Amino acid sequence: MRQQRRQLVMKRRMMQKQRRKRRRRKHQRLHQKAESSETKEGTAAPQEDGEAEAEGEGASKKKKKKKKGEKDEEEDLKAKKGKPNKKMLAAMKEMLAKQKEQEEKLKAEEEERQRKEEERLRQIEEEKRLEQEKKERKKQKEKERKERLKAEGKLLTPKQKQDMRRAQGLLEHLKAQGVSLPEAGEKRPRPGTRVRPKKKREDKSDEQEDQQEQLQSESEKMEATEVLKGGEEEVADSWDQMEEEEEEEEDVKDAWDETDDDDDEEDEEEDDTSEATKASLDTKKSERDDDNEDEDEESEEESESEDSEDERQTEAEKRKQRALMRIAKRKEESEKKLTLDNLRAPVVCVLGHVDHGKTKILDKLRRTNVQEGEVGGITQQIGATNVPTHGIQRQTHMVKDFDMGKLKFPGLLIIDTPGHESFSNLRSRGSSLCDIAILVVDITQGLEPQTVESINLLKKKKTPFVVALNKVDRVFEWVSNSSKDIREIIKTQKEPSKNDFERRCKEIIQGLNIQGLNAALFWENPDARQYVSLVPTSAISGDGMGNLISLVCDMCQQRLSRRLMFNEELQCTVLEVKTIQGHGTTIDVILINGRLREGDTIILAGTEGPIVTQIRSLLLPKPLKEIRVKGQYDEFKEIAAAQGVKIAARDLEKAIAGLNLQVAYHEDEVELLKEEVDKEFKAAMRSIKVKERGVYVQASTLGALEALLEFFKANNVPYSGIRVGPVVKRDVMRAAAMLEHDPMYAVILAFDVKVEKDAQELADKEGVKIFSEETIYHLGDRYVEYIKEYKKKKQDEFRSVAVFPCKLKIIPTAIFNKRDPIVLGVTVDAGILRTGTPLCVPSKEFVEIGIVTSMEFDHKNVDLAKKGVDVCIKIEPVPGNTPKLFGRHFESEDLLVSKISRESINACKDYFRDDLSKGDWKLMAELKKEFQIL
């Protein structure tokens, strides 16, 4: 303000000087003009007088100038002293006026803006009010229409319509069953509607209306009695309800009649009025009658439209009912055709622990090498193999007591399941598909966790099974011979081999006994229904393979013949979705019952809803070939159960494996089956619970997805999103949402799926990690490694921020330096002391003494000291703070504690949670209260 005043004063002085100069010049010019004019006129005045006058005038001018000069000097002195003069005051007044004018202008603009805003809000409120009034008018109009229809008996509630449709359907069903129902002589009205006679203007009388109502009630009562004679209580209840409704309608009509009578009485009272008024009343009455007729016509049209809607709804429901009845009838017919002379191939499921040789046994049976071609050497999908009768004969030729001639079924369908711990869902699904199971146990290792899990699954589903004691060739000094019966091979073994074999068998039998099962070697089995049979086998040498297959076939023939009767009712499960060159996208399915034909309409679950398509071709792998392995396929027009089939069709790219496949034989069955498939898929996805924060998981099949989630649950890996199918840009965008919450979870874990190129580019741009693997435990290991690296990186980043809680007691005899730096010995009373920990003294108003820069224990530098440890520490002052002195700012009796803050607590929670014990967190809570941290 002073500078501004000085500047104003300087400006005013300059302006005053310039004005004085202009005045002087002006006076000089005027004086010169006056002198020249006097000389020219030649006045008669004496020269002396003129000179005197001139001298007088000059003197007066000099006096005025002196006065002005004195005033100016006084004003300059006042300005120098800091007092405002008149010119300054005028300038200040002018400036204040301008400021006021500007403020008024701004105020006016603000008022204008507020006025416009209020006007806009008023318009919005007006629009809302008009909209609300419009809605209310519409509601009122609808309400009046419904009341009018209700008064006329044309309005039916949804329950009344439903009861009416149910009664009608029941009557049709009774007629279809041949129940004799008495027919009325006249045409019956539709149930629930009033018989409305044709209206006339003046001829209709109250007596006629009463007669019609009586006729109507009598006809409806007669119909109700007819239905009661049919013996169905539901129809009777619905008709009774309709009678009650009709009584309500009659009450309403009586009320209307009473109002009409009141109107007539009023007309009689007004008979004395003039003729003109009578004429006007007549015209009004005729107009009212016309209006009533128009309303009646409108109500009739509305009732007709409602009736047509009801008919459309009933038609759709009838179609649905027809489809359900057709499906039920088809099921009944297929059950009637069941016979023991027509058996399907049994479905055999191979279960057991990982690396016990399940796939290797099937390789020996098929003479293939599928196991070595699998990723990581482990099975991760359900596989299927069709074993024809000639394959069974080739494997069982050495078994003397097995007769191929008695075999009634066309072969075996063997399902191979994963043995990894995460694939419990696939083992469960495989065991639910099968008729009989082979439980593979490593004779050298005994019962393992997945073996016990498989036993529990089989017990739960009451599935008969055989135990294959695999890897018998690893018994001490075992001599193999695949062309002989296993009993003969055991007899030819040396005594040490026999003893080792018997010892291992007893251990496995004891383990099975612990699981609640009786077990014995198959040739020593006293009762096949009470004891589980054990068959020694070797998938490498082939020992006992013939005995295993023959035992399975005998059990199926003797105990499962009724279950194996061929049923036309379709039972089919999708195993996997694959792309094959020349056929496009195909699905591998297990056909357990029924038939599949080329051109059939199939319905199966998809990522974007149920897929409806037609079978383009049915492909079967060569006999004794795994359906998962690429090779030559035979094409068929029709395939009967039980088989592992590959189906080629359109729109299978988004199909989901792991759920059932349905076939629609008529058009009206498609919607029903779509609802069923969608319901099944939603139920499967609902069972998977996701969290708010976690990784995004994708897999090729529903079974693989469930297995992957089971693996992550066991490893405490949270997941926030799941999907079946390839990784696309949409998945990357969903995973990128985690960048805002926790970048550690901005990861897509893709198991056995393709990653699209544009999705990978977007992920690199957004900073989303995509881990793609074909082996489940490799994928888990990669993510665990990534988490460790991420946490280590964050720990290094926040090491200076995170302060561990600790309480220190000073050792009085170990004070080495009292000031800058303070060096002393302390005992860690509680918590963890680290280098870089700021220390303060709570008893001295939390005075901060410095930061621990180094520690020594037993003359060695350490970075960390836990509870109960004595260490020597060096404390340096915080940069910018004055150094603290031992003996002045704190004493040896004072406790030292780490100075924590809200930031340090958050850093410990996020990145050092595992480094602190429960006791450390309790100490953190104590210090938090002591420091009053919210």
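Quick note: the coordinates plus some simple rules give every number you see, no bench work behind them. This one's a predicted model, so the numbers in the text were calculated from it and none came from an experiment. Heads up, the Cβs are rebuilt from the backbone with ideal geometry, glycines too, and the neighbour counts pull from every protein chain shown.
State which entries of 11/98; 154/329; 788/922; 874/929; 93/116; 331/674 exceed 30 angstrom in Cα-Cα distance in the structure shown. The pairs that break the limit, which is 30 Å between Cα atoms, are 154/329; 93/116.
Go ahead and run the numbers for FRET between residue 2 and residue 112, Cβ-Cβ distance against an R0 of 41 Å, rounding to 0.05. According to the calculation, E is roughly 0.60. Say R0 is 56 Å: what FRET efficiency, to the nearest 0.05, do residue 335 and residue 131 get from their beta-carbon distance? Calculated value: 0.35. For the stretch 434-474, the Kirkwood hydrodynamic radius comes to 10.7 Å, computed from all pairs of different C-alpha atoms. Sparsely packed loop sites in the stretch 79-168 (the GluC sites (Glu not before Pro) outside DSSP H, G, I, E and B with at most 15 other Cβ atoms within 10 Å) do not occur. The GluC sites (Glu not before Pro) of the stretch 435-497 that meet both conditions, a loop assignment by DSSP and at most 15 other Cβ atoms within 10 Å of the site Cβ, are 477. Residues 314, 813, 537, 853, ranked from the fewest to the most other C-beta atoms within 10 Å, line up as 813, 853, 314, 537. Here the residues 758, 473, ranked from fewest to most Cβ neighbours within 10 Å of their Cβ, fall in the order 758, 473.
Over 22 Å apart at the Cα level, from the set 866/909; 691/918; 769/792; 769/794, are 691/918. Across the options 599, 642, 614, the greatest Cα extent toward the positive end of the charge dipole of the stretch 571-683 (unit charges at beta carbon of Lys, Arg, Asp, Glu) belongs to 642.
Order 402-410, 13-21, 604-612 from most to least packed using the mean count of other Cβ atoms within 10 Å. Present the calculation step by step, with values, prior to reporting the outcome.
Working: 402-410: 14.1, 13-21: 12.3, 604-612: 19.0.
Put in order of decreasing packing, that is 604-612, 402-410, 13-21.
Let me make sure I get this right: for the stretch 571-683, a, b and c are the square roots of the gyration tensor eigenvalues over alpha carbons, sorted descending. Under 1.5 in a/c it's rounded, otherwise prolate if a/b > b/c, else oblate. Which is it? Prolate shape, in that a/c is at least 1.5 and a/b is the bigger ratio. Would the stretch 806-930 count as rounded, prolate or oblate if I go by the C-alpha gyration tensor, calling it rounded below 1.5 in a/c and otherwise prolate when a/b exceeds b/c, oblate otherwise? It is prolate, given that a/c is not under 1.5 and a/b is the larger ratio.
Can you give the charge dipole size of the stretch 806-930 about its Cα centre, rounded to the nearest 20 debye, using +1 on the beta carbon of Lys and Arg and -1 on the beta carbon of Asp and Glu?
180
Using the Cβ-Cβ distance between residue 876 and residue 788 with R0 set to 41 Å, the FRET efficiency works out to roughly 0.80.
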